[in-house]
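Only the coordinates and a few stated rules stand behind these numbers; no lab work does. Because the structure is a prediction, the values reported are computed rather than measured. In this analysis, Cβ positions are derived from the backbone assuming ideal geometry, glycine residues included, and neighbour counts consider all displayed protein chains.
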Amino acid sequence: MRDQGADILLVEDNPEDIKLALHALNSAGLAHRVHVARDGVEALEFVFGAASDAAPAAPKMLKLILLDLKLPRLDGYEVLKRIKSDPRTARIPVVMLTASSEPRDVMRNYDMGANSYVIKPVDFEQFTDLIRDIGKYWLVIDHAIDREAG
């Protein structure tokens with residue numbers, strides 16, 4: 001299930017958070033090119049191709065990855081590490097979107113190359129506003145570098 005046109009990869013295992021995030025992105029006009037991965041393995045397979053592929057696929061040049069920290073099969077730390085350690089994907093902005101407010105989690109993610117660390121609000125409207133603002137910032141406002149160059 002590789003959507004070759006995705007701009008955003010949403011990596012989230014909570015169905016309600018997926019629904020809210022897609023609603024927020026849709027309300028901002030950003031949801032038409034979103035791929036959802038429900039665990040870390042699925043996320044890496046989307047970016048790099050399945051391990052069973054005969055030839056390794058070139059990584060997708062996504063514009064934004066929204067990554068939950070606590071995921072089944074492979075956690076957000078490992079996904080972040082893999083994405084940021086590969087020169088082909090290191091420039092893709094990764095926003096950690098998680099419930100953890102532990103200072104050690106925040107620092108560990110920044111040390112591993114996360115572009116931002118955002119704690120999920122529990123309020124529906126705050127969560128919706130947050131996702132919409134993140135999407136607008138990284139897809140519309142931030143043009144500091146051409147991430148696909150180089």
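Each of 117, 110 has some number of other Cβ atoms within 10 Å of its Cβ, and from fewest to most they run 110, 117. On full extension, the segment bounded by residue 86 and residue 14 gains 23.2 nm, given 0.36 nm per residue less the C-alpha separation. Ordering 8, 131 by the number of other Cβ atoms within 10 Å of each residue's own Cβ, fewest first, gives 8, 131.
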